[in-house]
Amino acid sequence: MSKGRPEAESTVHLIERARAGDQEAVDRLFARHVRPLQRWASGRLPRWARDVSDTDDLVQETLLQTFKRIGYFEPRGSGALLAYLRQAILNRVREELRRRGRRPDGTGLSGLDLESKASSPLEQAIGQEALDRYDRALQRLRPEEQNAVIGRVELGYTYEELAEALDKSSAEAARKAAQRALVRLAEEMERGRK
């Protein structure tokens with residue numbers, strides 16, 4: 001158990017238990033990660049491919065399949081499971097996009113909201129440019145910094161949840177780690193602009 005949080009078991013300890021066949025540990029890992037990963041995944045899917053129930057199902061199915069193979073997972077540092085789950089979901093999202101094709105189903109124009117609040121192509125391009133710069137900068141960070149940024153920014157973890165995911169001793173330790181990682185990310189993004 002982690003210091004200062006007797007009710008919360010570390011992710012590393014839960015992984016060890018899950019690898020030994022403890023279904024309760026698998027259930028706790030699933031519960032710890034499913035909601036934040038669902039929020040994150042829905043933001044990664046193109047607007048035409050988003051359906052809340054489909055996205056939630058995609059994440060749940062991916063986590064269930066991943067946890068069935070937890071015995072093969074080798075944790076390599078704090079946040080390794082978070083990075084592994086995120087990558088599994090990214091792979092599944094890519095697979096789903098290939099399966100659906102690059103365009104929405106041809107349902108015609110009926111029911112089309114012509115006064116939609118959707119972004120213009122220019123706004124989408126500027127947003128995509130910033131997202132690409134963010135992704136490139138994120139790749140230049142150390143793995144522990146990447147996990148802190150992903151957990152806090154992309155998954156929206158509270159500092160308490162981030163402490164559990166990164167195996168930090170307290171929410172304050174997680175806050176400081178995330179803050180340092182975000183400063184490094186900002187520096188890398190600025191460097192990428194030049």
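The values are calculated or read from the model by the stated rules, or taken from the named source; none is laboratory data. In this text, all values refer to a predicted model and were calculated from it rather than measured experimentally. No Cβ is skipped: glycine too gets one built from the backbone with ideal geometry, and neighbour counts run over all protein chains shown.
Select from the stretch 134-173 the residues that are in a helix (DSSP H, G or I) and small (G, A, S) and write down the one among them that is modelled with the lowest pLDDT.
Residue satisfying both the conditions and the ranking: A165.
Determine, yes or no, whether Q179 is of a type in the set (S, T, N, Q), modelled with pLDDT under 90 and outside any loop (DSSP other than H, G, I, E, B).
Working: of a type in the set (S, T, N, Q): yes; modelled with pLDDT under 90: no; outside any loop (DSSP other than H, G, I, E, B): yes.
So Q179 does not fit the description; no.
When both residues are 6+ apart or on different chains and their Cβ atoms are under 6 Å apart, which pairs have a first residue that lies in the stretch 157-172 and is more than 19 Å from I15 (Cα to Cα), and a second that is surrounded by fewer than 24 Cβ atoms within 10 Å (Cβ to Cβ) and of a type in the set (D, E)?
Between residues of the stretch 157-172 that are more than 19 Å from I15 (Cα to Cα) and residues that are surrounded by fewer than 24 Cβ atoms within 10 Å (Cβ to Cβ) and of a type in the set (D, E), the close pairs are A171/E160.
Of all residues in the stretch 50-70, how many are modelled with pLDDT under 85, part of a helix (DSSP H, G or I) and either of a type in the set (A, V, I, L, M) or over 13 Å from R35 (Cα atoms) (or both)?
Matching residues across the stretch 50-70 total 2.
Can you tell me which residues in the stretch 10-30 are surrounded by fewer than 13 Cβ atoms within 10 Å (Cβ to Cβ) and more than 11 Å from G71 (Cα to Cα)? Full working, then the answer.
Here is the first cut: in the stretch 10-30, the residues surrounded by fewer than 13 Cβ atoms within 10 Å (Cβ to Cβ) are 20-21, 23-24.
Within the stretch 10-30, Q23, E24 meet the criteria.
Of all residues in the stretch 136-168, how many are among the acidic types (D, E), within 17 Å of P75 (Cα to Cα) and surrounded by fewer than 21 Cβ atoms within 10 Å (Cβ to Cβ)?
In the first step, residues of the stretch 136-168 are kept if they are among the acidic types (D, E); the result is 144-145, 154, 160-161, 164, 167.
Within this subset, residues satisfying the condition of being within 17 Å of P75 (Cα to Cα) are 144-145, 164, 167.
The next check asks that each one be surrounded by fewer than 21 Cβ atoms within 10 Å (Cβ to Cβ); those that pass are 144, 167.
Residues in the stretch 136-168 being among the acidic types (D, E), within 17 Å of P75 (Cα to Cα) and surrounded by fewer than 21 Cβ atoms within 10 Å (Cβ to Cβ): 2 in total.
Can you find a residue in the stretch 71-88 that is assigned to a loop (DSSP other than H, G, I, E, B), more than 20 Å from the chain's Cα centre (by Cα) and at pLDDT below 80? Spell out how you get there, then give the answer.
Here is the first cut: in the stretch 71-88, the residues assigned to a loop (DSSP other than H, G, I, E, B) are 73-79.
Checking the rest, the ones that are also more than 20 Å from the chain's Cα centre (by Cα) come to none.
Looking for residues that are assigned to a loop (DSSP other than H, G, I, E, B), more than 20 Å from the chain's Cα centre (by Cα) and at pLDDT below 80, one finds none in the stretch 71-88, hence no.
To keep it simple, each residue is scored yes or no on (1) assigned to a loop (DSSP other than H, G, I, E, B); (2) in contact with a Leu (Cβ under 7 Å, 6 or more places away or on another chain); (3) modelled with pLDDT under 75; (4) not acidic (D, E).
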position	(1), (2), (3), (4)
V93	no, yes, no, yes
E96	no, yes, yes, no
R103	yes, no, yes, yes
T107	yes, no, yes, yes
S110	yes, no, yes, yes
E115	yes, no, yes, no
A118	yes, no, yes, yes
L122	no, no, yes, yes
D132	no, no, no, no
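State all residues of the stretch 10-30 that are part of a helix (DSSP H, G or I), at pLDDT 90 or above and out of contact with any helix residue (DSSP H, G or I) (no Cβ under 8 Å at 6 or more places or on another chain); if no residue qualifies, say none.
Across the stretch 10-30, the qualifying residues are Q23, D27.
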